[in-house]
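Derivation of every value follows stated rules applied to the coordinates shown; laboratory data play no part. As the structure is a computational prediction, the values presented were derived from the model and not from experiment. Every residue, glycine as well, gets a Cβ built from its backbone with ideal geometry; the counts of neighbours run over all protein chains shown.
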Amino acid sequence: MATKPETEEGSGLADGLFLFVVVLLFWMLLTGSLDPSEIITGAVVALVVTLTSRPHLSIYSGVRLTPMAILPIINYLGVFFWELILANIDMARRVLSPSLPVRPAVVEVRTDLRSPLGRLALANSITLTPGTLTVDVQDQTLLVHWVDAPPDIDIENATRKITTKFERHLKGFLK
Amino acid sequence: MRILADMFLLIGATFTLFGSIGLIRMPDVYNRIQAGTKAVTLGSISLLIGIGLLYPQWWSKLLIIGLLIIITNPLGSSTIARALLKSGVQPWKKVETNTPEENSNG
């Protein structure tokens, strides 16, 4: 994918528009009606929210808004919900078995995602997958608490096992 | 439709119950957070789907509730875990893996 040079004003405008659309969608879902007066009120509210949160808009610069991004988003959601269900079955099995089979450890994993939003999404996904909980994020390194860590695993293996399945799809729509 | 909705409600309640059992049985706070987060996230989503099947006119609000739960629940857990680690709470380890070091330390 071609990287375009990002000017401060241009990206700010795009981020603002993104937030505006998200807030307006939120409003429409909450009111649950397509009445023109409701939409106009929502637009005013969304504009106020966007203008008020202008200093924090740079977090949205991590989003890649292209038609190409739709497929990774669908893939990511599929993987995410599948892993969430697996995580729960796995946790239920551990909790219910009398011997309580856990070998917890804190491991480090690396990520290639550079934007704050991308790392946030990755950290959240890790927390909801089988047996892992993101404890801390420092630059390119995530500290992960792992319920069933193999005895002496190194950072490469842990990275491959924990992050790769999400990162592959996240890279499609987040930087 | 009624049966399907009941099934989702039952699944949600069951996973939430497993989460509570996990809270009691797990050895330390990090494992308890893990059990709590996962079970409650899937449990509440399942409950929301069940409610959505019973009252289809509420779908938009239920969708928002679900999205907010998915985004904020793991975030909150991570933040609590981070605060614990920073304040020096050590993760629990199986005793046998620590035994040699503990013996050599006296």
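Structure summary
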{"item": "Sites A:Glu108 and B:Leu67, calculated FRET efficiency, Cβ-Cβ separation with R0 25 Å, nearest 0.05", "result": "0.25"}
{"item": "Helix B:59-86 axis, angle to chain B major axis (alpha carbon atoms, nearest 10°)", "result": "10 degrees"}
{"item": "Over chain A: helical MRE at 222 nm, DSSP H runs n ≥ 4 each giving -39500 (n - 2.57), nearest 500", "result": "-18500 deg cm²/dmol"}
{"item": "Per-residue mean of C-beta atoms belonging to partner chains within 10 Å, peptide A:124-137", "result": "6"}
{"item": "Positive dipole terminus of region A:33-157, leading residue within A:Trp146, A:Tyr60, A:Val106 (C-beta point charges)", "result": "A:Tyr60"}
{"item": "Likely footprinting exposure, A:His56, A:His145, A:His169, fewest C-beta neighbours within 10 Å first", "result": "A:His56, A:His169, A:His145"}
{"item": "Cα-centre dipole for chain B with unit charges at Cβ (Lys and Arg positive, Asp and Glu negative), debye to 20", "result": "280 debye"}
{"item": "Virtual spin-label span in nm between A:Phe81 and B:Gln57, 7 Å along Cα→Cβ", "result": "2.6 nm"}
{"item": "Cα-centre dipole for chain A with unit charges at Cβ (Lys and Arg positive, Asp and Glu negative), debye to 20", "result": "340 debye"}
{"item": "Region A:65-96 residues near the modelled B:Met7 label - backbone nitrogen below 20 Å, point 7 Å along Cα→Cβ", "result": "A:81-90"}
